[in-house]
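The values are calculated or read from the model by the stated rules, or taken from the named source; none is laboratory data. Not measured: the values here are computed from a predicted model. Here the Cβ positions follow ideal geometry from the backbone for every residue, glycine too, while neighbour counts run over all protein chains shown.
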Amino acid sequence: MLSPDYENGGLKYQITDTNPDGSVAQYVIEIYSGKNKLADYEAAGKAGNLPCDTHIKAGTAYTAKVSAVAKNDKLYSDSDSSAASAAAKAAAKIKNITIKTLPKLSYVDGEKLDLSALVVTVNYESGHEDVKFADFEEFGLETSIANGKKLSVADTGKTIVISFADKFTATTTALTVTTNECTHEKTHMEQKAPSCGENGWERTICDKCNAVIAEKVLPATGEHQYGDWEIKAEPTAELKGVKERICSVCGQKQTEEIPATGSSATDTGTNPGTTSGSGSGNGSANPPTTDPEVTTGGNKGQGKITDLGRAFLIILIVLFSLIVLFLVGSVYLESRRNKARRARRGGNPNSRNRPGDGRGNNNRYR
């Protein structure tokens, strides 16, 4: 097998031999450029260097075949040549290496080392070659800190050493790894206005990490500032009414029931909780003398059943009233018609004795 020999220049060879130990005196390596055989090289060992010379030139690709020469020709015979090896470029001897392009050197705690931008210049005894990090393995270049390593603040100040065969090195400038804690450089304000019964706040928020940097409490404004009561539903003798008032500061609504009047329209007395005409002029009801009963959601089902019964009773009363009015009207109209008929008959008493006039007596005389 052939490979570039950057340390010594030329080619490295590695021979795999299955012959018994002690049976091989030496090996013969045949070097080819394409299909053309260039030269034979004698090799005492299974691994070594084929230096650049008149046949092997740096930068040119070559293949090789190898055969074994028997050590004891009475027991062994020379082997046939092996199959051709894979092609490899001969390398010039390296004089030194330098860094052409530095990799990323500034990181935040927890980031991974990224050497993808690193470029090294390999200087040969004649000429030079730029080698990207992706090709380091091919050239035998190594780094002191592996690519992709997770960095921490402790790595600050460390350098990355690029080495070749422990003979040549090149060193980067120091790494800088900062803490990932946000410095809150840019901020904005957020605010929640206070209400009558709840504090508000004013906060300073970091634009980057959304942390609350500072907070100021805005005290509640105090008691609700309710306006006048407004009647939403008038009470009746049997049904409760509803009134409502609104806080002018926060808009909270307070709703209370107005007790049923407990009297019919013909009652002259005044019961607690009824609407009075001597109010403030805005149509509101006088509040009850006892503590107002705040409307709650309890016993809603029972209330609905009672209200339906009352509504049904009212409908029956209205229907009964309409029937009575209809009967009275019918009697009245019939009475008027009877009076009209009597008036027509009583106004001309001799009409029956006048023949042929067509009004009193319809019999005609012949």
Tally the residues that are assigned to a strand (DSSP E or B) and either in contact with a Cys (Cβ under 9 Å, 6 or more places away or on another chain) or within 21 Å of S248 (Cα to Cα) (or both), restricting the search to region 202-213. 3
Any chance you could count how many residues in region 156-192 are more than 18 Å from I213 (Cα to Cα) and either of a type in the set (G, A, S) or not in a strand (DSSP E or B) (or both)? 15
Could you please let me know if A117 is closer than 30 Å to N49 by Cβ and not assigned by TED's automatic domain parsing to the domain that holds Q14? no
So for region 186-203 (the condition being without any contact (Cβ under 8 Å) to a residue 60 or more places away in the chain and closer than 20 Å to K93 by Cα), does at least one residue qualify? no
Out of the residues in region 170-190 that are more than 41 Å from the chain's Cα centre (by Cα) and surrounded by 14 or more Cβ atoms within 10 Å (Cβ to Cβ), state the one that is nearest to Y124 (Cα to Cα). A170
Is it true that K104 is without any contact (Cβ under 8 Å) to a residue 40 or more places away in the chain and not polar (S, T, N, Q)? yes
Starting from region 124-146, keep only residues that are touching a residue at least 12 places away in the same chain (Cβ under 8 Å), then list their pairs with residues that are in a helix (DSSP H, G or I) whose Cβ atoms are within a distance under 6 Å, requiring at least 6 positions of separation or different chains. V131/F139
Quick check on region 1-19: of everything there that is surrounded by 12 or more Cβ atoms within 10 Å (Cβ to Cβ) and either β-branched (V, I, T) or farther than 13 Å from A88 by Cβ (or both), which residue is modelled with the lowest pLDDT? N19
Would you confirm, using the coordinates I've provided, whether A146 is over 30 Å from G222 (Cβ atoms) and not in a loop (DSSP other than H, G, I, E, B)? no
Need at least 2 residues that are touching a Ser or Thr at 6+ places or on another chain (Cβ under 7 Å) and either closer than 22 Å to A134 by Cβ or in the same structural domain as T159 (by TED's automatic domain parsing) (or both) per element, so show me which strands (runs of 3 or more DSSP E) inside region 37-108 make the cut, counting only ones lying wholly within it. 94-101, 106-108
Just one of G48, G34 is of a type outside the set (D, E), exposed (fewer than 12 other Cβ atoms within 10 Å of the Cβ), within 23 Å of E138 (Cβ to Cβ) and at pLDDT 85 or above; which is it? G34
So which of E198, E244 ends up being assigned to a loop (DSSP other than H, G, I, E, B) and either among the hydrophobic types (A, V, I, L, M, F, W, C) or not assigned by TED's automatic domain parsing to the domain that holds V108 (or both)? E198
Being part of a loop (DSSP other than H, G, I, E, B), under 21 Å from A91 (Cβ atoms) and not assigned by TED's automatic domain parsing to the domain that holds E125, is that true of even one residue in region 20-30? no
Quickly run through region 150-167 and pick out the residues that are surrounded by 14 or more Cβ atoms within 10 Å (Cβ to Cβ) and charged (D, E, K, R). D155, K158
Of the criteria (1) part of a loop (DSSP other than H, G, I, E, B); (2) farther than 30 Å from T261 by Cβ, which one K216 fails: (1)
